[in-house]
Amino acid sequence: MSNFFKNLFSSKEDEAENHVSSFNEQHAQEEDVGLLDHGIKTIDLEKIIGSVGKYYDFDSQFRPKKHVSDKRFTGIKKAMRDGKSLPPIKLYQIRNDYYVLDGNHRVAAAKELGRFDIQAKVIELLSAKNTMENLLYIERKKFYEKTGLAETIGLTEVGKYNYLEKQIKNHENHLTNISGKETDFKKAAKDWYNTIYTPLTTIINNGGLPRYFPKRSVADFYTYIAYHHWERTSNMRYGIGIDRLIPRSMEAFRTAMIEKTTPDYPEMKRTITAFIMININTSTEMKVINKLFSIEEVQEVHSVHGAIDILVKIVLKRDFLASDAEIIAEFVDQRIRRISGINRTQTIIPGISKIKERFIY
């Protein structure tokens, strides 16, 4: 009802003011723009905030206005509902925001249908304008490209991503020294994120420190504490006991975290669960089942009817330097496929799992 009265009393002037952002207005504020072609990417719809030439045709929620042809919009929605293949839209990117060059109706339809993302050909505009926002964006972009990490570390100060990059480089050298072989930088970054960054930020969050400084991110606190605790080794007190929880060496902290049990820091998932579907020579079924069941990492073995003969559940120990796919592939190749009688295997890695405790079948 409130929306009815809002629409009833809104003027044409109000409607004209209610539109998505204008690419041209934002573009005019940038300086010495360079273009970077990212090709086809999957883009979150909520990050598409404006249009290049048709920003007056859509309101601030990217809904078509009254003067826009309903026929075309309805046709695109129907095609999306029916699962028909539509060409990627075209977007311009300015930092973290996207503007539609071609495909405004497809964006509007996808949003109305409750979609979360869309395929798009992306051209990024890199501004040379020397602002703190641009400097931080470029630094962040370089950090993620070099480390290969997911974009979850949100720092608010220039220079801090460079500090983290140096920390990862030191960690790479440490891993090389203890293993006796060269460690890839991206693998070192992954290990650092899982065994050092994640546990310490968990301690920071659990201590409630961010709520006292709402303008600072948990990543900001990580860099501040890591620097003072591991590099300057100053006697800082953070009010939540962090100084007593973590050793004076970053690598000693990593060792301590790896030795902790999963319930202490569930963010550090230490095991990988997978299911293996196996086809065998049926005459050797019991021999194969017994050999599979004798393997320590095998938790369950089931003889099943249908397209496969045996279903196996395995739980492997995570190696933070290798990907889950690499660990599973090596295990299946070295421990499963070499069992006599096995013809073919297929591995399934669960995404979301819910398990009922004490369930007996």
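The values are calculated or read from the model by the stated rules, or taken from the named source; none is laboratory data. Everything numeric here is computed off the predicted structure, so don't read it as measured data. Using ideal geometry, Cβ is built from the backbone for each residue, glycine included, and neighbour counts are taken over all protein chains shown. Accessible surface areas use protein heavy atoms only, side chains included; no ligands, DNA or RNA. Shrake-Rupley method; radii C 1.70, N 1.55, O 1.52, S 1.80 Å.
Looking across 222, 227, one residue alone is among the aromatic types (Phe, Trp, Tyr), open to solvent by less than 20 Å² (accessible area, probe 1.4 Å) and either within 22 Å of residue 137 (Cα to Cα) or modelled with pLDDT under 90 (or both). It is 222.
Annotation: of all residues in the range 236-253 being modelled with pLDDT under 65 and either assigned to a loop (DSSP other than H, G, I, E, B) or open to solvent by 20 Å² or more (accessible area, probe 1.4 Å) (or both), the one that is farthest from residue 206 (Cα to Cα) is 236. Taking residue 151, is it among the charged types (D, E, K, R), open to solvent by 20 Å² or more (accessible area, probe 1.4 Å), in a helix (DSSP H, G or I) and farther than 30 Å from residue 64 by Cβ? No; evaluated as a whole, the condition is false for this residue. Condition check: more than 29 Å from residue 196 (Cα to Cα), surrounded by 13 or more Cβ atoms within 10 Å (Cβ to Cβ) and among the acidic types (Asp, Glu). Does residue 82 satisfy that? No. Within the range 202-226, residues that are part of a helix (DSSP H, G or I) reach partners that are among the acidic types (Asp, Glu) and open to solvent by less than 20 Å² (accessible area, probe 1.4 Å) with beta carbons closer than 9 Å, at six or more positions or on different chains, in the pairs 210/220.
Applying the condition of being touching a strand residue (DSSP E or B) at 6+ places or on another chain (Cβ under 6 Å) and under 22 Å from residue 71 (Cβ atoms) to the range 102-117 and asking which residue is most open to solvent (accessible area, probe 1.4 Å) yields 102. Among the residues of the range 294-324, those that are modelled with pLDDT under 90, within 17 Å of residue 348 (Cβ to Cβ) and open to solvent by less than 60 Å² (accessible area, probe 1.4 Å) comprise 323, 324.
On the given criteria, is residue 99 open to solvent by 60 Å² or more (accessible area, probe 1.4 Å), touching a residue at least 24 places away in the same chain (Cβ under 8 Å) and not aliphatic (A, V, I, L, M)? No.
Checking 327, 272 one by one, the residue that is of a type in the set (A, V, I, L, M, F, W, C), touching a helix residue (DSSP H, G or I) at 6+ places or on another chain (Cβ under 7 Å), under 26 Å from residue 187 (Cβ atoms) and open to solvent by less than 30 Å² (accessible area, probe 1.4 Å) is 272 and no other. Report, by residue number, each residue of the range 254-284 that is in contact with a Ser or Thr (Cβ under 9 Å, 6 or more places away or on another chain), at pLDDT below 80 and either assigned to a strand (DSSP E or B) or closer than 27 Å to residue 347 by Cβ (or both). Passing the criteria: 258, 262, 266, 267, 268, 269, 270.
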